[in-house]
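Please read the structure below before turning to the comments.
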Amino acid sequence: MKNLYIYFAIITSALLVAQPTSLPTAPTLAQADVISIFSDSYEEPAGAYDFNPNWGQQTNCSVIDILKEEVIKMDDLNYQGITYPNVDVSSMGKIHLDYFIEGETTNSVQVYVIKAGGGEKAVNIDVTLINQWVSTDINLSEYSAAGVDLTGVNQIKIVGKGTVYFDNLYFHGTAPAPIVGETLLDFEDASEASSWTKTGTTSVIEHNTTGGNTGGALKFGSPDVQGATFTYTNASFDYKGATTARIFFDILQSSTTLAGCALHFIHSDPAGGANPKFIGAIHPGINATSWVTKQFDASLDGSTTTAELMLQFETAMGQVDGAEGVFLLDNVAVALLDANGAVLDVVDIDTTDFVVYPNPLRDILYVKGTLSVDRVSIFDLMGRNVLIATPNKSDFNLDVSNLNKGVYMVDLKSAGKTTTIKVVK
């Protein structure tokens with residue numbers, strides 16, 4: 001059921017062009033699985049909806065009737081907004097829309113999902129199919145990767161030209177779960193610190209064996225927080241044609257105060273060589289008492305295979321000149337996702353033979369590696385063997401739904417060598 005604000009406009013030449021004579025295929029998802037913004041198939045959340053807010057647009061927007069169902073018509077489109085009550089879609093995976101481009105192909109039609117006052121990101125939809133209904137889903141990670149806060153979105157903006165009809169606008173699906181691992185760049189070997197470079201005469205980058213994380217961490221920062229950078233580079237990183245690189249790491253404040261220090265995270269843009277691409281600020285939210293896991297999505301063009309990977313942290317001036325900013329870094333990894341949000345790979349940016357994920361565990365434990373695993377043994381902290389498997393594969397998964405919550409050691413035996421990885425459930 002739609003919450004409607006119907007607007008009437010004087011239409012002249014538009015009447016000479018036939019509007020749709022059919023409707024898009026009705027959606028089949030259950031009401032409980034969607035958050036609807038506009039659809040005859042679903043109830044919308046309570047609150048105020050405006051399908052023609054005054055944003056200074058030239059577009060003539062109205063809600064029209066086709067075969068006794070309501071459809072949004074945007075005529076003489078340049079841009080058009082839709083406002084709706086704040087909804088939290090951070091746990092959802094996609095926005096669905098059906099659209100009909102009338103008459104001739106437009107140069108582009110872009111869809112924005114917006115939280116008022118926040119950032120914006122344009123996503124193009126296919127404009128090559130005209131005079132027919134087209135059904136599409138856009139991954140919400142396209143927006144979150146650009147900094148859009150999905151916890152309180154309340155606007156949709158359409159940018160394009162010509163006449164376009166829309167129906168069945170709703171959010172659905174499940175967001176890809178955060179992937180957390182500890183077997184990647186874990187800094188348990190002091191030599192791993194040598195993979196990083198720094199700028200700034202007073203900055204420090206070194207292996208650190210204290211601070212509360214098992215095996216060590218990378219200590220980096222500067223008491224002179226004027227643009228010092230700390231950079232990891234892999235000259236031949238395989239992006240596997242992914243559309244998203246999900247970068248995650250653990251970080252801890254090491255200095256006594258961060259007054260005046262901002263910490264920025266940067267990822268290279270593989271489509272443009274190694275040009276730095278700002279991803280986001282990661283302070284505040286870091287403290288000196290507990291490790292914090294941070295996760296950032298970087299959009300890729302989907303065509304990149306081997307290219308340079310650069311991860312960079314930059315300290316930036318805040319309000320206090322000369323404020324100290326020193327941090328501990330651990331468990332750095334990159335997950336590669338396809339256009340549907342499915343994990344293509346979880347990449348060890350060091351030299352580990354195996355990747356085990358997710359960590360913490362859910363019901364399925366995934367193992368990817370470069371060697372075939374002859375035997376898997378999982379032990380609890382009492383030394384009891386709670387699971388044994390003989391996969392004889394390098395990539396496989398195990399059902400761990402029967403394991404109780406707790407800490408486990410996973411032994412992977414391959415070619416006479418045993419690798420032990422700690423996981424949590």
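Where a number appears in this text, it was derived from the coordinates with a stated rule and is not lab data. Not measured: the values here are computed from a predicted model. Cβ atoms come from the backbone with ideal geometry, glycine included; neighbour counts cover every protein chain shown.
Could you pull out every residue, at least 5 positions away or on a different chain, whose amide H is within less than 5 Å of the one on Phe38? Hs are placed 1.01 Å off N in the peptide plane, and Pro or chain starts have none.
HN-HN under 5 Å from Phe38: Leu169.
Determine the shape class of region 13-172: with a ≥ b ≥ c the square roots of the Cα gyration tensor eigenvalues, call it rounded for a/c under 1.5, and otherwise prolate if a/b is greater than b/c, oblate otherwise.
Judged from the Cα gyration tensor, region 13-172 comes out prolate (a/c at least 1.5, a/b above b/c).
Could you work out how much longer the chain between Thr418 and Asp189 gets when fully extended? Use 0.36 nm per residue separation minus the Cα distance between them, nm to one decimal.
Contour length minus Cα-Cα distance gives 80.7 nm.
Pairs Lys219/Lys393; Lys368/Lys405; Lys94/Lys393; Lys368/Lys425: which are spaced more than 29 Å apart, C-alpha to C-alpha?
Beyond 29 Å: Lys219/Lys393; Lys94/Lys393.
Which of the peptides 157-168, 78-89, 118-129 is most tightly packed, and how do the rest follow, going by the mean number of other Cβ atoms within 10 Å of each residue?
157-168, 78-89, 118-129
Starting from region 353-403, pick out the trypsin sites (Lys or Arg not before Pro) whose DSSP state is loop and whose Cβ has at most 14 other Cβ atoms within 10 Å.
Arg362, Arg384
Return the tail of the calculated pair distribution for region 68-132, meaning the percent of Cα-Cα pairs more than 20 Å apart.
38
Using the count of nearby Cβ atoms within 10 Å as a rough guide to exposure, how do Ser303, Ser222 rank from fewest to most?
Details: Ser303 11, Ser222 25.
Ordered from fewest to most neighbouring Cβ atoms within 10 Å, Ser303, Ser222 come out as Ser303, Ser222.
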